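Okay, so here's the structure we're looking at.
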Amino acid sequence: MDLAYVCEWERWPKSTHCPSVPLACAWSCRNLIAFTTDLRNDDQDLTRMIHILDTEHPWDVHSVSSEHSEAITCLEWDQSGSRLLSADADGQIKCWSMADHLANSWESHVGSLVEGDPIVALSWLHNGVKLALHVEKSGASSFGEKFSRVKFSPSLTLFGGKPMEGWIAVTVSGLVTVSLLKPSGQVLTSTESLCRLRGRVALADIAFTGGGNIVVATADGSSASPVQFYKVCVSVVSEKCRIDTEILPSLFMRCTTDLNRKDKFPAITHLKFLARDMSEQVLLCASSQTSSIVECWSLRKEGLPVNNVFQQISPVVGDKQPMILKWRILSATNDLDRVSAVALPKLPISLTNTDLKVASDTQFYPGLGLALAFHDGSVHIVHRLSLQSMAVFYSSATPRSADEPAIKRPRASGPAVHFKAMQLSWTSLALVGIDNHGKLSMLRISPSMGHTLDVSLALRHLLFLLEYCMVTGYDWWDTLLHVQPAMVQSLVEKLHEEYTRQNAALQQVLSTRILAMKASLCKLSPCTVARVCDYHAKLFLVAVSSTLKSLLRPHFLNTPDKSPGDRLTEVCSKITDADIDKVMINLKTEEFVLDMNTLQALQQLLQWVGDFVLYLLASLPNQGSPLRPGHSFLRDGPSLGLLRELMVVIRIWGLLKPSCLPVYTATSDTQDSMSLLFRLLTKLWICCRDEGPTSEPDEALVDECCLLPSQLLIPSLDWLPVSDGRVSRLQPKLAC
């Protein structure tokens, strides 16, 4: 592990901004980090602030006044990373959503309230989507083998099986509250006691079962008391939310049953399920003023022994043996320094073959580790089941032996700077921590966990995680932190190779994601930086094409099999005529009729298409230079075909409203620029289209393209910036 960057918030006066107590932090699948601080005014009144930070641009922090009257105790992102729940010590829960899909604009319109009852645990209801990562199958060709869909039921479903959205929270007095978001926007809220004998709940966590039930774990804060577990079932009856609870087996921490350490760790300070959808495994931490111990427990079905007398009367055979649920300890640590924060992995690695004895090539895989922060300022990554140390980070400059027990280290004078809240990224390759001074630190977690890995194995790990992000749609910023410039070319090629192995339907779904992924990878190496412009242009071209084709409507609603956009693609691919008017007459022009105001509003998009075609054709004579932006388009048949289709659409719309046509600066007033560009574009497309044999552009085409600058003014396109974020600044500056 090493430090990537630190945010110290210099623009915030220390007298007014201070860390909130307690400190809440959450990391979304879009790599947005939400955390809390308190703003103190001149009258010493506190304003509870929520800050949204983009990990790639940490200097752009968006701050929201939460309007919570008490300290914010919980923050929780939804699965899409576009909505955020916040809960406070007064029982108020707010649901924040992006306004206009902007990460710097948030609004809250819905919420719930359990008045005067602090919220100690909060979670979105499960939507039934669960993937399992099979690390041992990372070399398989099909994404379906590497990432399998696990049968998992949503917490609650609407008519037709669609998952119902909502959230569940646990209060300090032992209440569980559930709020359901109906499609109409109405919120159904219900509150119920976890059990008949309510008690204080100091710590709680929420997990989900494959059958659609919810499991809640609670502790009163004392290690002498049992950790209680409850099954919660949510349903809708007569348009009202109903909650049913059931007590599950409880457990006492092992350290409290040891006579030698019975009173050594009086308080339970951390209680976490190992995963949101893994209710059978729980992590517990008990602490004293100076030290802590961590235990990992698992819930298992065990056969209930039957007395021999009853065995003789009615022998128990096979499945007829009575079963009972029991908590069994998997592992426990030795005495440690006092634990200040815990972060659990979000990567759903399948542990069927790994369990406690993992395969040799995955034993240091970051997704298998959880993070423990200590009061001495250190952070340890430990295996999530065996609790064996995998990596260590020290905030101070003085190195320490990883084998040295934390409890024996000399304590510094005064309170040390340590993390009060931590979160692991969605691929477990980065960790964010907020310390007791409110400073945010970003740590990189190496895929090798500090051990020497073969280059090919390191590439395989990174490729596997990039494929996972591509399949799930999650942001891959944390993976880019570990890509070295020398790896970029290999990763782009291997990623494209794996993509082409998938079926056509999946390729279509992932087509834009792989373009965005290639663009972000190519930014990291000076040898591939010129390709970034092409990938961004392809993304924009796909977006423009989808937008324009979506405006086409069939002339008769009962028409058929193919949409106007599909027929446009079919006609343009079959007719190779270089005359744009001859292609146009084969289309049903009535399907292209749009409102005049709409056509005029599209003029800038149409102008970009026209300018881009002109730029590409004018750059054909220089096609031998791969450093020139647009180089890859000259041999890309599908992209050239897409441009050809759009030129036909523009021609038809120009007949309806000439003012929407692209404007060219020509040397001759009688020249038909659209026809000229379409003719040259068609000739270039024929050379590299998928249906026929590829060939080099003939000399006549190159000569005509050489004459374009003397016939039309070639536009100067504004390409997107290639390195404006944090990742590219962390890369070593190497020459090609």
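The values are calculated or read from the model by the stated rules, or taken from the named source; none is laboratory data. Being a predicted model, the structure only gives us computed values, none of them experimental. Ideal geometry is used to build each Cβ from the backbone, glycine not excepted, and the neighbour counts take in all protein chains shown. The area values use the complete protein model at the heavy-atom level, side chains included, leaving out ligands, DNA and RNA. Shrake-Rupley method; radii C 1.70, N 1.55, O 1.52, S 1.80 Å.
When the Karplus curve 6.51 cos²θ - 1.76 cosθ + 1.60 is applied with θ = phi - 60°, which whole-Hz ³J(HN,Hα) does each residue of segment 325-339 get, with x for Gly and Pro?
Each residue's phi maps through the Karplus curve to give 8, 9, 7, 10, 6, 8, 6, 8, 8, 7, 5, 10, 5, 5, 7 Hz.
Mind checking the log10 I(q)/I(0) for segment 573-623 at q = 0.14, 0.17, 0.31 Å⁻¹? Debye, one equal scatterer per Cα, no solvent, two decimals.
The Cα Debye sum returns log10 ratios of -0.60, -0.82, -1.02.
So how do 457-466, 661-670 stack up, highest first, on mean other-Cβ count within 10 Å? List each step's numbers first, then the result.
Values: 457-466: 20.9, 661-670: 12.4.
Listed from highest to lowest mean packing, they are 457-466, 661-670.
Which helices count as membrane-span-like in the chain under these terms: full DSSP H, at least 27 Å along the axis by C-alpha, Kyte-Doolittle mean of 0.0 or more? Working shown, then result.
On the way: long enough: 529-550 (33 Å, 0.70); 637-656 (29 Å, 1.26).
Qualifying helices, which must be both long enough and hydrophobic enough, are 529-550, 637-656.
Return the lysines within reach of LYS301: Cα separation strictly under 19 angstrom, same-chain partners fewer than 8 residues apart disregarded; answer none if there are no such residues.
LYS231, LYS320, LYS326
Express the accessible area of segment 142-243 per residue in Å², computed with a 1.4 Å probe while the remaining protein chains stay in the model.
On the way: 4570 Å² over 102 residues.
Value for segment 142-243: 45 Å² per residue.
Before anything else, pin down the relative contact order of segment 235-313: Cα pairs under 8 Å, at least 6 apart, normalised by residue count, whole percent. The partial results should precede the final answer.
Values: 81 pairs, mean separation 14.7, N = 79.
Relative contact order, segment 235-313: 19 percent.
Counting only heavy atoms of protein chains, what accessible area per residue, in Å², does segment 452-522 have with a probe of 1.4 Å? Mind dumping the intermediate values first?
Details: 2790 Å² over 71 residues.
Here the residues of segment 452-522 average 39 Å² of exposed surface.
222 nm [θ] for the chain, helices only, -39500 (n - 2.57) per DSSP H run of 4+, per residue, to 500? Spell out each step's value before the answer.
Working: 16 runs with 182 residues, N = 736.
-7500 deg cm²/dmol, from helical runs alone.
Please give every one of the aspartates and glutamates within straight-line cross-link reach of LYS420, meaning a C-alpha to C-alpha distance under 14 Å, and leave out same-chain neighbours fewer than 8 residues apart.
ASP376, ASP435
What percentage of the solvent-accessible surface of the chain, computed with a 1.4 Å probe over protein heavy atoms, is contributed by carbon and sulfur atoms? Each step should come with its number before you reach the end.
Working: 17520 of 33820 Å².
Carbon plus sulfur share of accessible area: 52 percent.
At 1.4 Å probe size, with no ligands or nucleic acids counted, give the accessible surface of LYS549 in Å², nearest ten.
50 Å²
Once the mean 1/r over all distinct Cα pairs of the chain is inverted, what Kirkwood radius in angstroms do you read off?
Details: mean 1/r = 0.0340 Å⁻¹.
Final number for the Kirkwood radius of the chain is 29.4 Å.
Assuming a viscosity of 0.890 mPa s and a temperature of 25 °C, what translational diffusion coefficient in µm² per second does Stokes-Einstein assign to segment 479-621, Rh being the Kirkwood radius over Cα pairs? Kindly include the intermediate steps, with their values, before the conclusion.
Numbers: Rh = 18.3 Å.
Answer, rounded: 134 µm²/s.
Tell me, what are the semi-axes, in whole angstrom and largest first, of the equivalent ellipsoid of segment 452-522 as set by the roots of 5 times the Cα gyration tensor eigenvalues?
On the way: eigenvalues 83, 32, 23 Å².
They are 20, 13, 11 Å, listed largest first.
Could you estimate the translational diffusion coefficient of segment 93-155 from the Stokes-Einstein equation, with Rh from the Kirkwood formula over C-alpha pairs, at 4 °C and 1.567 mPa s, in whole µm²/s? Walk me through the numbers on the way to the answer.
Values: Rh = 15.8 Å.
Translational D for this selection: 82 µm²/s.
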